[in-house]
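*Asks:* Pasting a structure below so you can have a look.
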Amino acid sequence: MPAPPTPSSPSRPTVSEREARQVAEAAREQDWRKPSFAKELFLGRFRLDLIHPHPLPADEDVQRGEEFLAKLRDFCETKIDGAVIERDARIPDDVITGLKELGAFGMKIDTKYGGLGLTQVYYNKALALVGSANPAIGALLSAHQSIGVPQPLKMFGTQEQKDTFLPRCARTDISAFLLTEPDVGSDPARLATTAARDGDDYVLDGVKLWTTNGVVADLLVVMARVPKSENGRGGITAFVVEAASEGITVENRNAFMGLRGLENGVTRFHRVRVPAAHRIGPEGAGLKIALTTLNTGRLSLPAMCVGAGKWCLKIAREWSAVREQWGKPVALHEAVGSKISFIAATTFALEAVLDLSSQMADEDRNDIRIEAALAKLYGSEMACLMADELVQIRGGRGFETAASLEARGERAVPAEQLLRDLRINRIFEGSTEIMHLLIAREAVDAHLSVAGDLIDPDKTLSDKARAGAQAGVFYAKWLPKLVAGPGQLPRSYADFHPADHRDLSGHLRYVERSARKLARSTFYAMSRWQGRMETKQGFLGRIVDIGAELFAMSAACVRAEHLRAGGDHGREAYQLADAFCRQSRIRVEELFGRLWTNTDDLDRKVVKGVLGGAYEWLEQGVVDPSGEGPWIAEATPGESRRKNLRRAIG
């Protein structure tokens with residue numbers, strides 16, 4: 001066998017901001033072949049017909065899903081001890097083995113490969129259930145199926161790859177997804193891990209950080225940069241890699257403030273040979289595969305956030321009815337009651353967003369890339385707020401650990417653990433800040449499609465002239481439609497004002513009016529800032545947050561009407577939807593106000609002062625307890641000098 005090639009350069013690629021944006025843009029799905037409710041919402045068009053009546057799963061899918069949920073619930077109640085996982089910072093092997101035998105690792109894998117073939121709706125219900133028993137188990141199953149080997153192979157793998165790997169993933173093997181590096185997060189253009197072609201193999205070299213499931217994985221999805229050659233286009237490429245391959249070392253099992261049972265590590269590749277047959281898709285398609293996989297994969301995080309909200313509501317209800325202050329239960333004091341109302345209404349809305357997005361994903365009639373991203377963004381932010389409010393409702397007991405509560409004879413309620421466990425969801429699979437930018441890019445896609453060349457400094461005058469003519473035609477048709485709409489007609493959306501129920505039609509009229517206002521605001525901003533629009537991240541974040549609230553209001557109303565029509569807690573659902581929409585409208589009005597009245601410009605000046613050392617005097621009077629060492633660990637490719645911490649299960 002010939003000696004494997006040495007990586008062309010151990011140094012990280014030098015990439016300009018513009019080049020980084022071009023790499024990200026090339027990985028986007030460029031076309032919109034199917035309708036999208038959220039996309040239309042950002043364009044000022046309230047397409048209620050795309051989500052109402054609420055889509056429903058097939059009867060056989062419901063039966064299969066409910067049967068599995070019953071088995072999973074029994075397993076969670078009898079086999080999982082969340083306190084032990086928190087104490088030992090590890091999921092016991094017998095629990096993982098039991099989940100394999102139950103089929104939990106194959107929930108999303110087709111039955112012909114040995115999986116359960118659950119729908120996205122029931123997969124999410126399962127994650128919410130198991131995540132309530134212990135969030136680290138939810139992360140284990142989610143990372144394996146939502147972003148690990150099964151999903152990219154389902155969408156992009158060859159038949160041979162599916163036949164080879166999916167049966168293993170369904171029952172015996174754990175998979176992980178490896179993209180992040182010590183100095184590369186949401187900017188993959190600077191990816192340094194290489195995969196050099198050598199005959200029928202590729203040879204991998206590099207270091208991957210925060211490899212969820214990587215410590216116990218049997219199979220890895222690895223993103224690596226392939227050098228361009230005569231026979232290949234090169235670029236960032238995806239591979240299925242056997243975790244036990246020679247040259248792979250798990251150098252560290254990372255520990256975090258929450259999710260203590262998470263098997264997350266640092267993995268080094270040194271001259272690891274991977275058959276070319278294990279490459280997923282063509283060379284250079286890795287980022288597109290990753291982003292496309294995440295379109296539905298991101299729904300797993302809000303699923304566990306919904307589960308967290310349900311538990312917060314349960315504990316808040318039970319505790320607030322027992323704990324008395326000044327002669328009555330604390331729930332009856334307005335200061336506490338408003339927090340309970342927020343938790344109840346928000347949990348209802350989050351479940352509405354999740355179920356609606358998931359059912360649309362199952363039907364595959366709509367493009368849900370924005371809906372899934374909004375669900376992840378909104379769910380992760382609101383779940384943290386709900387957990388924080390629960391800790392506040394519990395008072396000192398909320399800050400106390402469950403083990404300490406139990407030791408002194410009280411119910412072991414892990415409220416502070418939930419707050420710690422949920423915090424990572426605002427970072428996992430795209431931080432809130434990155435999600436704002438990703439969603440904003442999709443939200444303005446129609447504008448850039450017709451007028452992008454006008455603000456592109458690299459385009460010629462003739463290109464700009466053509467773009468101007470094209471934009472003129474588009475805006476001549478589009479802008480007049482933003483002036484008036486059904487939201488101004490008192491009888492619009494009458495389906496949502498049934499007799500003897502609260503009136504939700506007014507909230508939908510508000511959504512329609514606000515969608516047009518949102519679109520007008522976006523157009524005005526693009527006209528004002530043009531090419532500088534992409535630097536206005538505060539503005540773009542608020543635009544996205546308004547869209548998220550409007551989507552959640554729409555989903556909550558549609559879910560309430562669905563439950564009413566089905567005779568299932570309709571009156572209560574209408575009340576929760578009404579409460580949520582009223583709370584949401586207050587947040588929307590504040591966000592609209594902050595679009596133009598904010599401290600963004602001043603903040604930028606302060607930041608420059610901080611970085612320039614102008615305020616170092618403000619840092620005096622404290623000691624820094626940080627240890628020694630570099631801010632970012634060295635990740636030069638080469639042979640590992642550390643013990644391999646990988647452990648196989650089963």
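*Asks:* Give the percent of DSSP beta bridges with both residues in the chain that are antiparallel, rounded to the nearest 5.
*Replies:* Here the share of antiparallel DSSP bridges comes out near 85 percent.
*Asks:* Going out from 0 in 5 Å bins, what whole percent of all Cα-Cα distances in the stretch 521-650 drops into each bin?
*Replies:* 2, 7, 10, 9, 9, 8, 9, 9, 11, 10, 8, 5, 1
*Asks:* Please give the Cα centre distance for the stretch 556-575 versus the stretch 276-293, rounded to the nearest Å.
*Replies:* Here the answer is 43 Å between Cα centres.
*Asks:* Report the extension gain between residue 89 and residue 187 in nm, rounded to one decimal, defined as 0.36 nm multiplied by the number of residues separating them, less their alpha carbon distance.
*Replies:* 32.2 nm
*Asks:* Where the centroid of each part is defined by its Cα atoms, how far is the stretch 413-467 from the stretch 351-373 in Å?
*Replies:* Distance between centres, Cα-based: 19 Å.
*Asks:* Put 504, 419, 116 in order of accessible area, largest first, 1.4 Å probe: what do you get?
*Replies:* 419, 116, 504
*Asks:* Now a separate question. Using a 10 Å cut-off on Cβ atoms, rank the peptides 151-160, 372-381, 102-111 from the highest mean neighbour count down.
*Replies:* Working: 151-160: 17.8, 372-381: 26.8, 102-111: 21.8.
Most protected by this proxy first, the peptides run 372-381, 102-111, 151-160.
*Asks:* Moving on to the next point. Return the percentage of antiparallel bridges among DSSP beta bridges fully within the stretch 112-254, rounded to the nearest 5 %.
*Replies:* Here the share of antiparallel DSSP bridges comes out near 75 percent.
*Asks:* Okay, next question. Using all C-alpha to C-alpha distances in the stretch 198-288, build P(r) with 10 Å bins and read off the rounded percent in each one.
*Replies:* Distribution as computed: 17, 47, 27, 9, 1 percent.
*Asks:* Do any of 108/314; 71/112; 288/314; 459/481; 39/79 go past 32 Å between their Cα atoms, and which?
*Replies:* With Cα atoms farther than 32 Å apart: 288/314; 39/79.
*Asks:* Then there's this: Across the chain, how large is the tail of the calculated P(r) beyond 50 Å, expressed as a percent of all Cα pairs? Mind showing how you got there, number by number?
*Replies:* Details: 25865 of 210925 pairs.
The share of Cα pairs beyond 50 Å in the chain comes to 12 percent.
*Asks:* Over all distinct Cα pairs, what is the inverse of the mean 1/r for the stretch 394-505, reported as the Kirkwood hydrodynamic radius in Å?
*Replies:* Radius from the Kirkwood sum: 20.4 Å.
*Asks:* Using a 1.4 angstrom probe, figure out how much accessible area the chain has per residue, in square angstrom, rounded to the nearest whole.
*Replies:* On the way: 30030 Å² over 650 residues.
The answer is 46 Å² per residue.
*Asks:* When a/c reaches 1.5 or more, the comparison of a/b and b/c decides; with that in mind, is the stretch 139-279 rounded, prolate or oblate per its Cα gyration tensor?
*Replies:* It comes out oblate by the Cα gyration axes.
*Asks:* Same structure again: Give, in nm to one decimal, the length gained when the segment between residue 73 and residue 28 is fully stretched (0.36 nm per residue of separation minus the Cα-Cα distance).
*Replies:* Residue separation times 0.36 nm, minus the Cα-Cα distance, leaves 12.4 nm.
*Asks:* Within the stretch 299-339, what residues put their amide N at less than 20 Å from the label point 7 Å along the Cα-to-Cβ vector of residue 434?
*Replies:* Inside the label zone: 299-305.
*Asks:* Next question. Can you list, largest first and rounded to whole Å, the semi-axes you get for the stretch 459-505 by taking the square root of 5 times each eigenvalue of its Cα gyration tensor?
*Replies:* Numbers: eigenvalues 386, 19, 6 Å².
Semi-axis lengths for the stretch 459-505 are 44, 10, 6 Å.
*Asks:* Starting from the Kirkwood Rh over alpha-carbon pairs, what translational D in µm² s⁻¹ does the stretch 355-427 have by Stokes-Einstein at 25 °C and 0.890 mPa s? Please list the in-between numbers first.
*Replies:* Values: Rh = 14.2 Å.
Translational D for this selection: 173 µm²/s.
*Asks:* What percent does the relative contact order of the chain come to when contacts are Cα pairs within less than 8 Å and at least six residues apart?
*Replies:* The value is 17 percent.
*Asks:* At a probe radius of 1.4 Å, what is the per-residue accessible area of residue 186, in Å² to the nearest 10?
*Replies:* Its accessible surface works out to 80 Å², give or take rounding.
*Asks:* Next question, about the same structure. Rg over Rh of the stretch 56-154, using C-alpha atoms and the Kirkwood radius, what does it come to?
*Replies:* Here the Rg-to-Rh quotient is 0.96.
*Asks:* Let me ask something else about it. Which three extents, in whole angstrom, do the alpha-carbon atoms of the stretch 404-466 cover along their principal axes, largest first?
*Replies:* 78, 18, 12 Å, listed from the longest principal axis down.
The values are calculated or read from the model by the stated rules, or taken from the named source; none is laboratory data. Small disclaimer: the values here were computed from a predicted structure and weren't measured. Here the Cβ is made from the backbone with ideal geometry for all residues, glycine too, and neighbour counts use every protein chain on show. Just the protein is used for accessible areas: all its heavy atoms, side chains included, with ligands, DNA and RNA removed. Shrake-Rupley method; radii C 1.70, N 1.55, O 1.52, S 1.80 Å.
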